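So the structure is just underneath, and the comments pick up after that.
The values are calculated or read from the model by the stated rules, or taken from the named source; none is laboratory data. Note that the structure is predicted; figures quoted are calculated from it, not measured. Glycine also receives a Cβ, built like all others from the backbone with ideal geometry; neighbour counts cover every protein chain displayed.
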Amino acid sequence: MSEASGETVIIKKYANRRLYNTKSSSYITLDHLAKMTREGVDFKVLDAKTGADITHSILTQIIMDEESAGGEQMLPVNFLRQLIGMYGNSMQGLVPHYLEASMENFRSNQAKLREAFEASLGANPLAKLAQQNLAMFKAAASAFVPGLVEEKPDTKPDPAASDQSDEIATLRAQMAEMQKQLDKLGK
């Protein structure tokens, strides 16, 4: 479900709890809305009967579903208690702006950290080793499960790549031989 990120997608929520995406003309679930949110798609959820904007309650419901899904919870109990304590407080009006700014700052720092990490890989001698280890892992995975790792064709010849593919071919042969020996031992 790929939506244009330039316009707001209208989702209608009917009394039977069904959600209807007016752009794709299809019924969707909260999981679809969560995916759209992760993909940065701007949407608004409207009550089909009254036309009221219920986006906030739907997003809150998605958060509650994510928190209770059995995985790792993102919102610590202490934070939730403090947040609940802010309702009715004189500072309540400032909290949404503070939380938005904090989240934006967190995302910005996360992006800067990722960029710095990627830039350091090019200058780091251990990065070459990590790439070789990844290539060996892919070779081992493809030896055990053919077709698991998709090979991307190179558009330009690279001498280092041919050396690497020779190493991969050697590793594949070694892995195949080891598999034969394991099969013999298993009998």
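Things worth noting here:
- For segment 145-187, the set of residues classified as touching a helix residue (DSSP H, G or I) at 6+ places or on another chain (Cβ under 7 Å) and at pLDDT below 65 consists of L148, V149, D154, listed by residue number.
- Filter result (within 15 Å of S57 (Cβ to Cβ), part of a helix (DSSP H, G or I) and either free of Cβ contacts under 8 Å to residues at least 24 places away in the same chain or not aliphatic (A, V, I, L, M) (or both)) within segment 30-45: T37
- The residue that is surrounded by the most Cβ atoms within 10 Å (Cβ to Cβ), counting only those in segment 31-70 that are basic (K, R) and within 16 Å of the chain's Cα centre (by Cα), is K35.
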